[in-house]
Amino acid sequence: MSLENDPRRTRLLNDPLAIRAMAHPVRLDLQALLGREGPMTAADAARRLGISQALASHHLRQLAKYDFVEPAPGKDNRERPWRLVSTSQSWRDAGATPEGAAAAEVLEQLLAERALDSLSQWQQQRPTEDAVWRDNSGIGQSGFYLTGDELAELVTQIDALLQRWVDERPIDDKSTRPPGSRHVQFTQIVTISPEEE
């Protein structure tokens, strides 16, 4: 998936070490929290996630080491908040090396598990939601035959649709959120069947 329009908001990951650094449940939680809430200190993040401040601090430093987060301006010299560096990542070129492919597999497996957990939570709350949220969420499935070039074109078109919202409403900028908007997680899973004989 190609999301390289704004280097501040989107990041193409091709370093296996950076991909592995991101592939950790606490680090993914921290990134999601900073995305929803904006800059915050390790102490605030720890309270929100129900973990120790030392653990939050350690994982924020690891994320900073690989440029996923950075220090943000604080209210005073004592406050040391963190903020996201990029709000979207792609690792589509990671498969160019065996190390990159292995790192991407670990990250994708973790993200798929988290997406399924999120779907399960949504299914439990969906009956109580307004129709607009109920009717436009969940899983859709389509199967069809495409050439490799057609698949690349389709993925590019989907990425372009998503990029509009990434650009207009950066996840970590609360001022861009219109009234009534809610966090929407869009997980794209594309699989290819083996060639027929």
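The values are calculated or read from the model by the stated rules, or taken from the named source; none is laboratory data. Since the model is a prediction, treat every value here as computed from it, not as a measurement. Virtual Cβ from ideal backbone geometry, glycine too; neighbours counted across all protein chains shown. Surface areas here come from the heavy atoms of the whole protein model, side chains and all, with no ligands, DNA or RNA. Shrake-Rupley method; radii C 1.70, N 1.55, O 1.52, S 1.80 Å.
Scaling against 2.2 N^0.38 Å puts the C-alpha radius of gyration of the chain at 1.11.
Could you work out the percent of alpha carbon pairs in region 5-119 separated by over 17 Å, rounded to a whole number?
Pairs farther apart than 17 Å: 56 percent.
Please state the shape class of region 126-197: rounded when a/c is under 1.5, otherwise prolate if a/b exceeds b/c and oblate if not, all from the C-alpha gyration tensor. It comes out oblate by the Cα gyration axes.
Rolling a 1.4 angstrom probe over the protein heavy atoms, how many square angstrom per residue are accessible across the chain? Provide the component values of the computation, followed by the final result.
Values: 13150 Å² over 197 residues.
Solvent-accessible surface per residue comes out at 67 Å².
Backbone N atoms of region 125-162 closer than 18 Å to the 7 Å Cα→Cβ label point of Ser181 belong to residues 133, 160-162. Stretching Ser120 away from Trp165 to a fully extended chain increases their span by 13.7 nm, per 0.36 nm per residue minus the current alpha-carbon distance. Mean sequence separation of contacting Cα pairs (under 8 Å, at least six apart), scaled by the length of region 27-114, corresponds to a relative contact order of 25 percent. Surface composition of region 97-197: carbon and sulfur atoms hold 52% of the protein heavy-atom accessible area at a 1.4 Å probe.
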